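Participant: Please see the structure below; I have some questions.
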Amino acid sequence: MTFFAGQNLTINYGTHTIIKQMNVTFPKGEVIGLIGPNGSGKSTLLGALSGFHKLKTGRVILEDHELHQFSAKKRAQLLACLPQNPQAPGDITVRDLVGYGRYAYQHRWTTDHEADHKAVQRAMVNANIQEFADTPIADLSGGQRQRAFIAMTLAQDSEILLLDEPTTFLDLPHQLEILKLVRVLNRELHKTIIIVLHDLNQAARFCDNLVCLKQGTIAYQGRPQDVFTAQMLADVFHVRAKVTMDPKAHCPLLLTYDTI
Amino acid sequence: MRKNRNYFLISLCILGLLLFMNSLLLGVHNYALSDFFASQSQNFAIIWQLRLPRVLAAAIVGALLALAGKLLQTVSNNPIADPSLLGINSGANLALICGTILGVPFTLFWRVSLAFLGAFLTFLIVFLLSMTRRGLSPTRLILSGTIFSGFLNGIAYGISILTKSSQRFRNFLVGGFSGVDCKQMWLLLILLLIILGLTIYFARDITIIGLNDQLSQGLGSRIVLIRSVAVIIVVLATSGSVAVGGNIAFIGLGIPHLVHYFDKRDFKHVYLEIMCFGSVFLMFCDLLARLLARPFELPLGGLSAILGGGFLIWYVYRQSEAVVA
């Protein structure tokens with residue numbers, strides 16, 4: 001059975017090809033990091049996997065079905081996506097925002113069910129944002145705001161979570177907070193999480209599987225200890241680096257680096 | 001908190017009813033409550049056949065324009081969107097003027113069809129101008145709408161000056177409800193029912209597309225479908241309003257912001273409040289227009305723009321430190 005995969009994906013913006021005939025498979029139950037230089041197609045790939053970007057060729061397979069065979073709401077029940085720089089009206093409260101995550105389960109004419117309230121509450125607790133439930137999102141700090149949006153995607157109760165650079169614009173402690181949250185969601189709620197990350201050391205430390213993109217194709221994929229090598233860094237990022245082992249986290253660590 | 005908000009809607013409704021009664025009774029002549037039921041008197045006929053359609057038309061147009069404004073602001077993610085900024089009013093206007101010049105019969109059916117056609121064509125052009133490779137650009141929508149509506153207004157003024165018919169179109173250009181009859185009232189009532197039905201049915205979907213595109217798509221929203229529904233509601237509401245009441249400024253832009261001052265929740269929670277507020281505001285303007293310079297009438301469009309403008313300046317002043325996030 002194919003859990004989640006892209007087959008022969010090609011995506012164009014106008015005449016410009018972003019992703020070229022890509023084949024990629026995502027192992028169930030893991031945290032999968034998408035890494036690669038700017039313009040390598042990470043966000044575009046994520047957009048295609050969530051059904052947002054139109055495919056020129058190929059198909060996205062989700063649980064043995066093509067993605068577009070699902071209705072929009074059914075797809076949202078299986079697959080939640082948090083794009084880069086999410087925006088919502090600043091005056092709505094965290095609770096209302098998280099409630100949007102229940103849209104895929106709600107029918108027209110009906111009001112919110114008890115199940116929706118429970119799911120919203122649970123999502124806020126899991127994302128550790130429940131103390132701000134009645135705060136307008138404009139009043140939140142960057143890290144709190146990001147956790148509120150993550151809570152919204154958790155309310156979708158989907159097995160797969162796509163996160164596009166959820167740590168951008170956050171300082172180091174808040175970056176770590178989000179990444180640890182991602183790991184908890186994976187280990188305890190058993191979600192498969194595909195995450196675009198810029199910081200390579202964080203990718204090596206928090207992901208079970210790394211997908212390295214280079215000019216719209218996949219250059220490397222595998223466990224961090226296998227693919228996070230000086231060879232890969234030179235090949236994909238054009239940096240000369242020394243990779244050692246992080247003695248505490250037991251993962252590869254980029255030590256010294258410079259452009260080639 | 002929730003209770004307070006319900007009180008807001010209820011008090012708006014009570015205020016609306018009071019205004020409605022007063023609007024029926026007050027005007028060039030004032031009537032007494034007993035005239036409502038004195039079926040033999042002339043006053044009875046005036047109240048039910050002249051005043052009622054007029055007041056009801058003002059109430060409905062107020063509700064429709066306010067809703068249209070809020071819908072556009074929600075679907076374009078732009079707090080200053082307004083049917084008139086997007087040229088929808090101007091398009092309906094110009095179509096009406098051209099139709100009249102070309103000798104199309106000035107019946108209700110033709111007025112409404114023309115207004116709808118003009119509104120829809122204009123919106124289509126503005127919409128196409130604002131499409132980019134990455135979908136609809138809210139900034140382009142406002143820019144092209146503003147420019148195109150200026151262009152259409154210029155043509156409309158030009159035509160009415162060249163054909164020396166500006167007096168006949170006075171009602172379109174300044175807006176007002178004098179001379180509204182029962183047929184127009186029924187038309188507006190039916191339109192209101194359709195629009196209210198559509199809005200209630202799609203309220204949750206419209207709320208979701210108030211987020212940015214990729215986010216609402218990820219939540220399971222069919223953006224193109226819902227945005228089209230919202231646009232159809234806006235075009236219907238605006239063209240119906242223009243066909244009966246002419247150009248009435250401010251309501252679409254200002255009323256949603258005023259309601260936002262009292263209730264900051266999202267679309268699905270506030271659209272009824274916005275419609276009620278729009279009704280109350282336009283009935284109030286219409287009453288003032290009849291009362292302030294008796295026995296003459298003031299132009300309603302101008303009055304609502306002055307009143308609303310004043311309101312908005314006060315609102316912006318009060319909000320000066322708050323920023324839309």
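The values are calculated or read from the model by the stated rules, or taken from the named source; none is laboratory data. Remember, it's a predicted structure, so these values are computed and weren't measured experimentally. Note that each Cβ is placed from the backbone with ideal geometry, even for glycine, and that neighbours are counted across all protein chains shown. Heavy atoms of the whole protein, side chains included, go into the accessibility calculation; ligands, DNA and RNA do not. Shrake-Rupley method; radii C 1.70, N 1.55, O 1.52, S 1.80 Å.
Participant: What helices (runs of 4 or more DSSP H) completely inside region B:247-325 contain at least 3 residues that are surrounded by fewer than 18 Cβ atoms within 10 Å (Cβ to Cβ)?
Facilitator: Details: elements: B:251-262, B:267-291, B:300-318.
By residue number, B:267-291, B:300-318.
Participant: Also, quick follow-up: Which members of region A:208-230 meet the condition of being touching a residue at least 40 places away in the same chain (Cβ under 8 Å) and acidic (Asp, Glu)?
Facilitator: A:208, the sole residue that qualifies.
Participant: Something else: With respect to residue B:255, is the statement that it is at pLDDT 90 or above, among the β-branched types (Val, Ile, Thr) and under 24 Å from residue B:115 (Cα atoms) true?
Facilitator: On the way: at pLDDT 90 or above: yes; among the β-branched types (Val, Ile, Thr): yes; under 24 Å from residue B:115 (Cα atoms): yes.
So residue B:255 fits the description; yes.
Participant: Can I ask one more? What about residue A:96, is it buried (at least 21 other Cβ atoms within 10 Å of the Cβ), farther than 22 Å from residue A:51 by Cα and within 12 Å of another protein chain (Cβ to nearest Cβ)?
Facilitator: Numbers: buried (at least 21 other Cβ atoms within 10 Å of the Cβ): yes; farther than 22 Å from residue A:51 by Cα: yes; within 12 Å of another protein chain (Cβ to nearest Cβ): yes.
When the stated conditions are applied, residue A:96 passes them.
Participant: Which residue pairs have Cβ atoms closer than 7 Å, lie 6 or more positions apart in sequence or on different chains, and pair a first residue in region A:231-254 that is within 22 Å of residue A:41 (Cα to Cα) with a second residue that is loosely packed, with under 13 Cβ neighbours inside 10 Å and charged (D, E, K, R)?
Facilitator: A:239/A:258
Participant: For region B:217-246, how many residues are assigned to a helix (DSSP H, G or I), within 8 Å of another protein chain (Cβ to nearest Cβ) and either open to solvent by less than 10 Å² (accessible area, probe 1.4 Å) or touching a strand residue (DSSP E or B) at 6+ places or on another chain (Cβ under 6 Å) (or both)?
Facilitator: Let us first name the residues in region B:217-246 that are assigned to a helix (DSSP H, G or I), namely B:217-218, B:223-245.
This time we only want the ones that are within 8 Å of another protein chain (Cβ to nearest Cβ), so: B:217-218.
Checking which are either open to solvent by less than 10 Å² (accessible area, probe 1.4 Å) or touching a strand residue (DSSP E or B) at 6+ places or on another chain (Cβ under 6 Å) (or both) leaves us with B:218.
Summing the residues that are assigned to a helix (DSSP H, G or I), within 8 Å of another protein chain (Cβ to nearest Cβ) and either open to solvent by less than 10 Å² (accessible area, probe 1.4 Å) or touching a strand residue (DSSP E or B) at 6+ places or on another chain (Cβ under 6 Å) (or both) in region B:217-246 gives 1.
Participant: Same structure again: Which one of these is crowded, with 16+ Cβ neighbours inside 10 Å, modelled with pLDDT of 80 or more, touching a Pro at 6+ places or on another chain (Cβ under 7 Å) and in a helix (DSSP H, G or I): B:89, B:93? Even if it seems obvious, please write down each step before you answer.
Facilitator: Details: B:93 fails: touching a Pro at 6+ places or on another chain (Cβ under 7 Å).
One residue alone meets the criteria, B:89.
Participant: For residue A:122, indicate whether it is within 10 Å of chain B (Cβ to nearest Cβ) and not hydrophobic (A, V, I, L, M, F, W, C).
Facilitator: Details: within 10 Å of chain B (Cβ to nearest Cβ): no; not hydrophobic (A, V, I, L, M, F, W, C): yes.
No: the conditions fail for residue A:122.
Participant: Among the residues of region B:13-45, write down those that are open to solvent by 30 Å² or more (accessible area, probe 1.4 Å), at pLDDT below 80 and in a helix (DSSP H, G or I).
Facilitator: B:33, B:34, B:42, B:43, B:44, B:45
Participant: Evaluate region A:130-139: report whether one residue or more is within 11 Å of chain B (Cβ to nearest Cβ), in contact (Cβ under 8 Å) with a residue 12 or more places away in the chain and aliphatic (A, V, I, L, M).
Facilitator: Yes, the conditions are met somewhere in region A:130-139.
Participant: Among the numbered criteria (1) farther than 15 Å from residue B:213 by Cβ; (2) within 11 Å of chain B (Cβ to nearest Cβ); (3) open to solvent by 40 Å² or more (accessible area, probe 1.4 Å); (4) at pLDDT 90 or above, which one does residue A:91 miss?
Facilitator: Failed condition: (4).
Participant: Here's something else I'd like to know. For the condition within 14 Å of chain A (Cβ to nearest Cβ) and of a type outside the set (Ser, Thr, Tyr), what is the one hit in B:265, B:290?
Facilitator: Values: B:290 fails: within 14 Å of chain A (Cβ to nearest Cβ).
So the residue among B:265, B:290 that is within 14 Å of chain A (Cβ to nearest Cβ) and of a type outside the set (Ser, Thr, Tyr) is B:265.
Participant: Name the residue that is least open to solvent (accessible area, probe 1.4 Å), counting only residues in region A:224-260 that are under 22 Å from residue A:195 (Cβ atoms) and of a type in the set (S, T, N, Q).
Facilitator: Residue satisfying both the conditions and the ranking: A:229.
Participant: Do you know which of the residues in region B:280-325 that are among the aromatic types (Phe, Trp, Tyr) and more than 19 Å from residue B:27 (Cβ to Cβ) is modelled with the lowest pLDDT? Show your work before the answer.
Facilitator: First, pick out the residues of region B:280-325 that are among the aromatic types (Phe, Trp, Tyr): B:281, B:284, B:296, B:311, B:314-315, B:317.
After this cut, where a residue has to be more than 19 Å from residue B:27 (Cβ to Cβ) as well, the list is B:311, B:314-315, B:317.
Working: B:311: 77, B:314: 81, B:315: 73, B:317: 79.
Per the stated criteria, the residue is B:315.
Participant: Just for strands (runs of 3 or more DSSP E) wholly inside region A:1-73: which have at least 1 residues that are open to solvent by 10 Å² or more (accessible area, probe 1.4 Å) and in contact (Cβ under 8 Å) with a residue 40 or more places away in the chain? Break it down into steps so the answer makes sense when it comes.
Facilitator: Details: elements: A:4-13, A:16-25, A:31-35, A:57-62.
Per the criteria, A:4-13, A:16-25, A:57-62.
Participant: Considering every residue within region A:37-48, establish whether at least one is of a type in the set (Val, Ile, Thr) and farther than 30 Å from residue A:239 by Cβ. Even if it seems obvious, please write down each step before you answer.
Facilitator: Let us first name the residues in region A:37-48 that are of a type in the set (Val, Ile, Thr), namely A:44.
So of that shortlist, the ones also farther than 30 Å from residue A:239 by Cβ come out as none.
Looking for residues that are of a type in the set (Val, Ile, Thr) and farther than 30 Å from residue A:239 by Cβ, one finds none in region A:37-48, hence no.
Participant: Go through region B:131-175 and count every residue that is of a type in the set (S, T, N, Q) and at pLDDT 85 or above. So that I can check it myself, show each step before the final result.
Facilitator: Of region B:131-175, the ones of a type in the set (S, T, N, Q) are B:132, B:137, B:139, B:144, B:146, B:149, B:153, B:160, B:163, B:165-167, B:171.
Narrowing the set further to residues that are at pLDDT 85 or above leaves B:144, B:146, B:149, B:153.
Total satisfying the criteria: 4.
Participant: Using beta carbons and a limit of 7 Å, which pairs, at least six apart or on different chains, have the first residue in region B:186-205 and away from chain A (no Cβ under 12 Å) and the second one open to solvent by 30 Å² or more (accessible area, probe 1.4 Å)?
Facilitator: Close Cβ pairs (under 7 Å, with a partner that is open to solvent by 30 Å² or more (accessible area, probe 1.4 Å)) amount to B:187/B:108; B:187/B:112; B:191/B:236; B:195/B:236.
Participant: Anything in region B:59-86 that is aliphatic (A, V, I, L, M), open to solvent by less than 10 Å² (accessible area, probe 1.4 Å) and not in a helix (DSSP H, G or I)? List them, or say none.
Facilitator: Correct list: B:81, B:86.
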